[in-house]
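Nothing in this text is a laboratory measurement; each read-out follows from the coordinates by a stated rule. Quick caveat: nothing in here was measured; it's all calculated off a predicted structure. No Cβ is skipped: glycine too gets one built from the backbone with ideal geometry, and neighbour counts run over all protein chains shown.
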Amino acid sequence: MKNTLIFLTAFLTFSSYSSFAASQNKVKPAAISQIELKNFEALDFPYDKGESGLLVWEHTPELEGAQFSVLVSTVSDKEGWIEAVKFSAGENTADKINLPFWSFNKNKNKYAVALEFNNILSSQVKEELNYFAKVKIIKGKNISETKVLSSKIKGNWFRADRLNNLIVFLVVTLVFFIVVSHAKKKGLFIRRIAGLDAIDEAIGRATEMGKPIFYVPGIGVMSQISTIASTFVLGEVAKKVAQYDSYIKVPHYDPIVMTVSKEIVKQAYTEAERPDSYKEDINVFISHDQFSYAANVDGLISREKPAACFYIGYFMAESLLLAEVGASIGAIQIAGTDVDHQLPFFFTACDYTLIGEELYAAGAYLSKEPMLVSALKVQDFGKLVFMISVAVFSLLLIIGAKMEWKGLAGILTEILKVY
Amino acid sequence: MSEGMIIFGAWIAAALTLFLFSFLYKDNPFFKIAEHLFIGAGMGWYFQTIFYKIMIPKIWEPLHSGDPFKIFMVVIPALLGLSLITQFIPKISWISRYGFTFMMGYSAGMAIPVGLATDFMNQILGTIEPFANFFALSGWQMFNALAIAIGTICVLFYFFFSVEHKGAGKKVSNLGIYFLMIYFGASFGNTVMARFSLLYGRFDTLVNYSSAKYFYATSWILVGLTLYFVAEKLITSAKRETAE
């Protein structure tokens, strides 16, 4: 009995002490005070598709050493808070926002936090969205919160951040119209391009031998520049074929390219005053599968043994497969593509190869059409601007690096950057 | 898949591969079989892809959704697409021009701003960017930055068609060609290596199919092809001799 009493006394003493100690050790939650940030605003992110918001406030001395936690909610101003970003004072200033200087005030003394809701909500924002935001400021043991602000995000019709792109486009368009008017008054000079001069020779040879000419426009679709350039060349080749009363065959990979090519060849035969020589089977559809197309064109070349083969347009792995077979039957071969990693194969297997820009120039060079020649001249204008820009800006940047002109690189970068 | 089907598949794969390789010797009926089968299979695959991945989900389903907005958004592109088919009817083939004009305009509209942005402005920026910290670069990095800038200018000058390339211009243009050839050489080597790896893959499959497990598929087909070519050569020679 005595032992039991001693045990119970000890147990009660220990229990009461434990409860007391626990009550003493319990940490009181820190009180969250309200704070006013200077010029604190919730905005729609400017010049975007409507997927981001923007929180801005000014830096003040009392924010030194603070940590910011930006909380957002798309539910209400009371619940559903998600921590969008957490950062220290001095980070996420307005100059870090990915917008150029002409479309956003890049004040380093201002905080600007882009709220990318696609990432925050882990789902695609598809329509206008209201959001609530507040900032929690942690400085040592003190935690304070701002009032809740709300704003609406929406897509913008005009992208002022892409103004540089628009200006370049307008300048190019203006130059184009000036050059067109000049080209119509008096012809414009284009230097000799050897590969294109050989076209006449190839067609002439095919005519003399009484063999067909194969024109392969490649596996490009109509939106590809090389395919568009190829159709221009096809027009000129078809015109010459019609004049010489030779025979051309154009095997196609893409049905739309085939339809466009049909119109072009028909037009070329009409312009050559040989509409009766035009045949519907000049343009043939082969396959929309790359290698079955290549296999069949190879088969056609080896069976029909053309005297001249043109591979002009967009080509991928089938370039050598086609050019090899053409070379094996002894055809004169002219190739042209802007796919740079296929050009070496054409160099090895063809007699003449048009490299990239030469292909774009081909239509203008062959037809001497004022509109096409003007387009070529505008391209040259672009190249000239490019060369001068690279030379002048490089020198400026080297001098700037030596003289420590801070900001020069930043300005140039923003002018040339594509947003 | 049953064992029998696997063996059958191996025979088909080995046969089609060897039939296509037989073109390296010369055009022959086996190559023609593989060629036409290839075209048919390719087109069949393409048709079902278009049908199930585009026509059903992008046209048929929105048209039957009952939502007027969705229907409106599909009707105009669908009509423009259908206008292309009028090419088959000469009397109304002019309608197809609307579809083609839209496609050409849309493509140009898409391509021009992207082209200006990536091929022009970004390219200039990429070329000049290293010069911003030029004196902080190592010797090799300096050489690299200069080589890229000079190479870019020289190669562009090679493609400059408005002036005759003579005198100093000729030298700049020739330097541009050297830069191009260095690039093409590297690109050629790289692509050839990739092609060889594809060829090894094919050879590996053929060797695999020549095992007892597949009843020596590759070996039997190879023997058959060789016999055909020998017989064909003998018959052709005999015919030629008879004709002479």
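Listed values, structure above:
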read-out	value
Above-threshold pairs, the threshold being 21 Å between Cα atoms, out of A:Lys106/A:Lys417; A:Lys185/A:Lys383; A:Lys249/A:Lys279; A:Lys240/A:Lys262; A:Lys49/A:Lys134; A:Lys184/B:Lys170	A:Lys185/A:Lys383; A:Lys49/A:Lys134; A:Lys184/B:Lys170
Hydrodynamic radius of region B:185-244 per Kirkwood, over alpha carbon pairs, in Å	14.7
Hydrodynamic radius by Kirkwood, which averages 1/r over all alpha carbon pairs of chain B, in angstrom	25.8
Order of A:Val56, B:Val163 - criterion: other Cβ atoms within 10 Å of each residue's Cβ, fewest first	B:Val163, A:Val56
Highest-MSF residue in chain A out of A:Ser150, A:Ser226, A:Ser374 [GNM, Cα springs under 10 Å]	A:Ser150
Peptide B:141-152, shielding by other chains (average Cβ, 10 Å cutoff)	2
Dmax and Rg, reported as Rg then Dmax, of region B:137-209 (C-alpha, Å)	19.6, 62
Rg followed by Dmax, in Å, when region A:73-125 is reduced to its Cα trace	13.5, 37
Highest-fluctuation residue, B:Ile39, B:Ile89, B:Ile177 considered, GNM on chain B with Cα pairs under 10 Å	B:Ile89
Ranking of A:Trp57, B:Trp45 by count of other Cβ atoms within 10 Å, fewest first	B:Trp45, A:Trp57
Spacing of the two label points (7 Å from each Cα toward its C-beta) at A:Thr60 and B:Ile182, in nm	5.9
Other-chain or far-sequence residues with amide H under 5 Å of A:Ile213's (modelled H)	A:Tyr247, A:Ile248, A:Lys249
Value of [θ]222 nm, deg cm²/dmol, for the protein assembly as shown, DSSP H segments ≥ 4, -39500 (n - 2.57) each, nearest 500	-18500 deg cm²/dmol
GNM flexibility winner over chain A from A:Met403, A:Met371, A:Met387 (Cα, springs under 10 Å)	A:Met403
Top positive-direction residue, dipole computed over chain A with Cβ charges, set A:Asn296, A:Ala133, A:Ser103	A:Ala133
Estimated vicinal HN-Hα couplings, Hz - region A:203-208 in sequence order (Karplus 6.51, -1.76, 1.60; Gly, Pro = x)	5, x, 5, 5, 5, 4
Which of A:Ile153, A:Ala183, A:Ala375, positive extreme of dipole for chain A (C-beta unit charges)	A:Ile153
Radius, Kirkwood style, for the protein assembly as shown when every pair of distinct Cα atoms is counted (Å)	31.3
C-alpha long axis of helix A:255-271 to longest principal axis of chain A, angle in °	30
Test item: B:44-51 mean partner chain Cβ contacts at 10 Å	1
Cβ-based charge dipole, region A:188-367, positive-most Cα from A:Ala361, A:Ile225, A:Val237	A:Val237
Directionally averaged shadow of region A:188-367, computed from the convex hull of its alpha-carbon atoms, nm²	9.1
Intensity falloff of region A:269-381 expressed as log10 I(q)/I(0), Debye formula with alpha-carbon point scatterers, at q = 0.09, 0.11, 0.14 Å⁻¹	-0.30, -0.44, -0.71
Region B:1-71 versus region A:44-101: alpha-carbon centroid distance in Å	52
Separation of the B:Leu63 and A:Asn142 label points, Cα + 7 Å toward Cβ, nm	6.9
Estimated inter-spin distance, A:Glu128 and B:Asn144, nm [label 7 Å along Cα→Cβ]	5.0
Phi to ³J(HN,Hα) by Karplus 6.51 cos²θ - 1.76 cosθ + 1.60 over region A:44-54, Hz, x for Gly, Pro	8, 5, x, 6, 10, 7, x, 10, 9, x, 9
Region A:188-367, dipole about Cα centre (Lys/Arg Cβ +1, Asp/Glu Cβ -1), debye to the nearest 20	260
C-alpha long axis of helix A:2-25 to longest principal axis of chain A, angle in °	50
Distance-filtered residues of region A:277-301 - backbone nitrogen under 19 Å, label point 7 angstrom along B:Thr236 Cα→Cβ	A:298-301
Principal-axis tilt of helix A:318-328 within chain A, Cα atoms, nearest 10 degrees	20
Burial ordering of A:Cys350, A:Cys309, B:Cys154, fewest other beta-carbon atoms within 10 Å first	B:Cys154, A:Cys350, A:Cys309
Inter-part distance where region B:171-244 and region A:375-419 are each reduced to a Cα centre, Å	49
